[in-house]
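Everything on this sheet refers to the single structure shown next.
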Number of protein chains: 4
Amino acid sequence: MTAPAQALQDRACLVLHGPDQPGIVAAVAALITRNNGNIVSLDQCSDDANGGAFFQRVVFHRPELSAVLPQIEDDLQATLTPFGMHWRLTDQSIPKRMAILASTADHCVLELLWRHRRGELPVTVPMVISNHTKIAADVRSFGVPFFHVPSRPEDKSASETRILELVKGNVDFLVLARYMQIISDTFLDEADVPIINIHHSFLPAFVGAAPYRRAKDRGVKLIGATSHYVTAELDEGPIIEQDVARVTHAMSANDLQARGAYVERAVLSRAVGWHAEDRVIRHGNHTIVFA
Amino acid sequence: MTAPAQALQDRACLVLHGPDQPGIVAAVAALITRNNGNIVSLDQCSDDANGGAFFQRVVFHRPELSAVLPQIEDDLQATLTPFGMHWRLTDQSIPKRMAILASTADHCVLELLWRHRRGELPVTVPMVISNHTKIAADVRSFGVPFFHVPSRPEDKSASETRILELVKGNVDFLVLARYMQIISDTFLDEADVPIINIHHSFLPAFVGAAPYRRAKDRGVKLIGATSHYVTAELDEGPIIEQDVARVTHAMSANDLQARGAYVERAVLSRAVGWHAEDRVIRHGNHTIVFA
Amino acid sequence: MTAPAQALQDRACLVLHGPDQPGIVAAVAALITRNNGNIVSLDQCSDDANGGAFFQRVVFHRPELSAVLPQIEDDLQATLTPFGMHWRLTDQSIPKRMAILASTADHCVLELLWRHRRGELPVTVPMVISNHTKIAADVRSFGVPFFHVPSRPEDKSASETRILELVKGNVDFLVLARYMQIISDTFLDEADVPIINIHHSFLPAFVGAAPYRRAKDRGVKLIGATSHYVTAELDEGPIIEQDVARVTHAMSANDLQARGAYVERAVLSRAVGWHAEDRVIRHGNHTIVFA
Amino acid sequence: MTAPAQALQDRACLVLHGPDQPGIVAAVAALITRNNGNIVSLDQCSDDANGGAFFQRVVFHRPELSAVLPQIEDDLQATLTPFGMHWRLTDQSIPKRMAILASTADHCVLELLWRHRRGELPVTVPMVISNHTKIAADVRSFGVPFFHVPSRPEDKSASETRILELVKGNVDFLVLARYMQIISDTFLDEADVPIINIHHSFLPAFVGAAPYRRAKDRGVKLIGATSHYVTAELDEGPIIEQDVARVTHAMSANDLQARGAYVERAVLSRAVGWHAEDRVIRHGNHTIVFA
């Protein structure tokens, strides 16, 4: 339920997590009230009734928000420090900047651009980067800049350096929309923004290459796709969203791949949308998703 | 996610609704804090950002809850009256009392009894009432009393009177588990407890009798089931839950009915569970479900 | 499981239906064998074991098919006439010609064009016709001709006449991809090709206008979409495919519409694909779908 | 779509597989015709258009079937041997005999017994065997014999020997309904009937013990269940059916297990039903399922 752009004016999103303890909800609610905010939505959970971790997302409306954001942040600092809470406050009228990395397959990248054009993804898209040129015209037809950065297996760091030059300071998160290149730890460190990947299997089944071929070999009756944050370990990052589709014995590995493309684009789009709206909290190798 | 019985000790559930306005969440949270409660979960929504209705469900833990319930209620009265809020506070360690009305079909009633035995429905089941005797032995094998109240088309009020004698004062809500008798307005008034029905179609399609036959005649590709609160208008009450199953041209109306039974028992069980846990708020002809 | 284009070379698809009786399958199989064909796939069903209707779809491979098609048709005529069967033989290497009628909403028409470009819809698309110009550039970016035929409420027949001039003789079927205009009986007669519509509800619920608004008003928990052949009665034609998506109390009618768009484009695409591959047999107001 | 018992009278089911080649379908159809049978349903597929394996299932009606079964078998032998086909002909009026092995969990075994009582599983159930006594009364309430064969970790072969004494000659297949004991290769060999297992994960994810705990640890967003034929390698046998259910961050491992029970019983029931109706063909480590 993406709110239309005008509805996001003067809306703040507060996300917090830390050790569960009595009084947090009251403290946060009182803070919002004394700062003249009105709570629009509130989600919370705790991972264990007895002393686990606490997670909360609150959206509140505050007229003239941009003027008072710093003083609300000061209040949060003073209020939440005693609770040992991590928190992040964002102005929902300022969309996150998203770069998409893709390869030759167009289904994920076009779905993201199309949803964005429909106003369903609250982001800006300053660039699409691909190691091939096949999707260039389609990307540019959406009014989005396209950059070609070829992959060179013999010198991977050169292309990563070029990508970093493009994205550093210009984007808030990266999406690997079937980019099909393994990201180096160096790139992860240097990029220093969340990176969302779509893996074409129901993780943890079929980690790594050629999952549809291996799914066919194993004779599964459902195929899947998984969107997760990228970490140093391949296909092991925190899962944001997954889904599946039914397949039959009559389908070849290529048929699985064709069917799976529809699952991939849907799963990735949902994950990106939730990330863009600050609905996802990372906690260890898990995610809390307030969808 | 039904909490095991011991986990419900000293847990209160507060449900409130009324006109949306700033400060409600803070007021409720402060009230819970000053009554030494700790919020376990909190859901809320409002049906319109500009002056709509506000709905909230809060579960909080308070040691020695039963001793202080009256004074919390006094505090709620004083605190929420200025906001014009309707509210209901329940002690979650006290299960609701549920009577089931059934006929000859056993799939819904046995599913409810079985889920109850597994500890997945936080209710007690003081009785099952049927207008036939077919399911008597199965019901009693769960340790649940069975009463036979034959339907007499020529004098419907006699059976309704007999049922009212059984349930009045003894139950908190009624479930029509494929009872197949139309409930009179008089019964509705006299029973004066919520009544949950399962209708064997995807409402509002196929209101009334023989929905599977009519679904076959229309050539639909999915069949469904709908659980709703019973109101004076047949199959028009607030919907709690719905689901569907895929069917094909090769299936007869009887096949649809057999397939549909699995949808019916799942949909009814979910609706009953949510009602039992105070997760459903009726609002006009709608429900808010904090599932 | 769409076969790639080269795999369709020398493949014939035979669809037949008529009164069920012993020996039909054997007669058809023998006919294919004596015409040097090899059966690739075969589906059949009968709607009643005792004297109902029989439906069959057989795909067979026959080298040099185009040269011998007429003599196979003669053989079919001679063989199936005694059985009282209706039949249709098509050369699968010749794609059907599909015209799309759309309005301002792009989700259905772009999905069809995109699936076509991926090689997943075995059709040609000689034209897209719209009563608005909004989607013109997007359509032409797929290399597909776009024609603008404004709707004139005061003289509906003028636009229908213009559309008929465009499509007559040039297309094998029409797709109404959220065209939002009611088709006259005259148009239906004159067009004389199958017309596939997508209705934005789970028929027979919410026949007619504004189904999402009415779904919100009724408080349903699932929304749906239905693709069907157009007949003289609005939204009453034979259903080809349906699907649903879960919604919540927190969603507005606009949210339902946005969510529903994804169901609509998926349902319409599946229906069109099955029609294009001769997998759908109309029988009265029903369809048999060999998917 | 299980046919009612009387509908199975005089119905034969022929299942065949072998190298794909022209003329098989015609040969089988002609054989059925010359033996005065009428084809009720027919499914077939081939795993590769160019010289792969061919699979077919045909159900046909033949008055006085039991009298002529041997001569039809002779005809099949003579007709199919030149094609190198494996085949199996069964009289559908003779249900397969199914033994169920269970432990303390009742959800799978009760679902099977209940579906059987409803006439939805065309089998007889000569016995349920458990290594505990917890489910004895429930099983016997269905009129099914219950045998207690305790597991003795120190002498596993003793319990397996006892089970073999019970089932040898008395059953056509075994179902492990959450039996939770690893079957020895010796048992597999000696039992010499198909054994169907339900594994409580979406295989190949979470092979082995404690899949729900491991699913929670990995942070998956869907859990699953898999029914497969048991082979010498744990959880590696041919998959018959799989399904999934959505879970959230708020659910504990115990919640996943409770939710998963509903997936398990549905998946196992479907797999057992298809096996009972000869709809499953094993081919290497795959299954062809004509559902």
How about the stretch A:241-263: which of its residues are touching a Lys or Arg at 6+ places or on another chain (Cβ under 7 Å) and in contact (Cβ under 8 Å) with a residue 40 or more places away in the chain? A:E241, A:Q242, A:A253, A:L256
The residue that is modelled with the lowest pLDDT, considering only those in the stretch B:27-58 that are within 26 Å of C:S252 (Cβ to Cβ) and small (G, A, S), is B:A49
Residues of the stretch A:232-252 that turn out to be within 10 Å of chain D (Cβ to nearest Cβ) and over 30 Å from D:T287 (Cβ atoms), as a count: 4
If I filter the stretch C:7-23 down to residues being under 20 Å from D:N35 (Cβ atoms) and open to solvent by less than 40 Å² (accessible area, probe 1.4 Å), which single residue comes out as nearest to the other protein chains (Cβ to nearest Cβ)? C:G23
Identify the residue in the stretch D:24-38 that is facing chain C (nearest Cβ under 7 Å) and open to solvent by 20 Å² or more (accessible area, probe 1.4 Å) and, among all such residues, is farthest from D:I288 (Cα to Cα). D:T33
Pick out the one residue from D:S159, D:S201 that is over 20 Å from D:E111 (Cβ atoms) and crowded, with 16+ Cβ neighbours inside 10 Å. D:S159
Only one of B:S41, B:S66, B:S46 is touching a Cys at 6+ places or on another chain (Cβ under 9 Å) and either without any contact (Cβ under 8 Å) to a residue 12 or more places away in the chain or among the hydroxyl-bearing types (S, T, Y) (or both); which? B:S41
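Given the criteria more than 10 Å from chain C (Cβ to nearest Cβ) and under 22 Å from D:V289 (Cα atoms), does D:V59 qualify? Steps first, please.
Numbers: more than 10 Å from chain C (Cβ to nearest Cβ): yes; under 22 Å from D:V289 (Cα atoms): yes.
Here the answer is yes, as D:V59 does meet what is asked.
I'd like to know if the stretch B:116-138 contains one or more residues that are of a type in the set (K, R), more than 27 Å from B:E233 (Cβ to Cβ) and without any contact (Cβ under 8 Å) to a residue 12 or more places away in the chain. So that I can check it myself, show each step before the final result.
As a first pass, look at the stretch B:116-138 and keep what is of a type in the set (K, R): B:117-118, B:134.
If we keep only those that are more than 27 Å from B:E233 (Cβ to Cβ) too, we end up with B:117-118, B:134.
Subsequent filtering for residues that are without any contact (Cβ under 8 Å) to a residue 12 or more places away in the chain retains B:118.
Yes; the residues of the stretch B:116-138 include at least one that is of a type in the set (K, R), more than 27 Å from B:E233 (Cβ to Cβ) and without any contact (Cβ under 8 Å) to a residue 12 or more places away in the chain.
Taking into account only those residues within the stretch D:223-275 that are assigned to a strand (DSSP E or B) and open to solvent by 10 Å² or more (accessible area, probe 1.4 Å), which is farthest from D:L112 (Cα to Cα)? Before you say what the answer is, go through the steps one by one.
From the stretch D:223-275, those assigned to a strand (DSSP E or B) are D:223-229, D:239-246; that's our starting set.
Imposing the further condition that a residue be open to solvent by 10 Å² or more (accessible area, probe 1.4 Å) reduces the set to D:243-246.
On the way: D:D243: 17, D:V244: 19, D:A245: 20, D:R246: 24 Å.
Filtering first and then ranking leaves D:R246.
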Filter the stretch A:44-78 down to the residues that are open to solvent by 40 Å² or more (accessible area, probe 1.4 Å), under 20 Å from A:R282 (Cβ atoms) and out of contact with any His (no Cβ under 9 Å at 6 or more places or on another chain) and list them by number. A:D48
Output the number of residues of the stretch D:97-114 satisfying the condition of being open to solvent by less than 30 Å² (accessible area, probe 1.4 Å) and farther than 18 Å from D:R162 by Cα. 9
How many residues, within the stretch B:257-277, are more than 16 Å from the chain's Cα centre (by Cα) and more than 10 Å from every other protein chain (Cβ to nearest Cβ)? 3
Looking at C:A136 and the list (1) among the small types (G, A, S); (2) facing chain A (nearest Cβ under 10 Å); (3) open to solvent by less than 40 Å² (accessible area, probe 1.4 Å), which single condition is not satisfied? (2)
Out of (1) more than 23 Å from the chain's Cα centre (by Cα); (2) touching a residue at least 24 places away in the same chain (Cβ under 8 Å); (3) assigned to a helix (DSSP H, G or I); (4) surrounded by fewer than 20 Cβ atoms within 10 Å (Cβ to Cβ), what's the single condition that is false for C:T81? (2)
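The values are calculated or read from the model by the stated rules, or taken from the named source; none is laboratory data. Predicted model only: the values in this text are computed from it and were never measured. Note that each Cβ is placed from the backbone with ideal geometry, even for glycine, and that neighbours are counted across all protein chains shown. Surface accessibility is based on the protein's heavy atoms, side chains included, excluding ligands, DNA and RNA. Shrake-Rupley method; radii C 1.70, N 1.55, O 1.52, S 1.80 Å.
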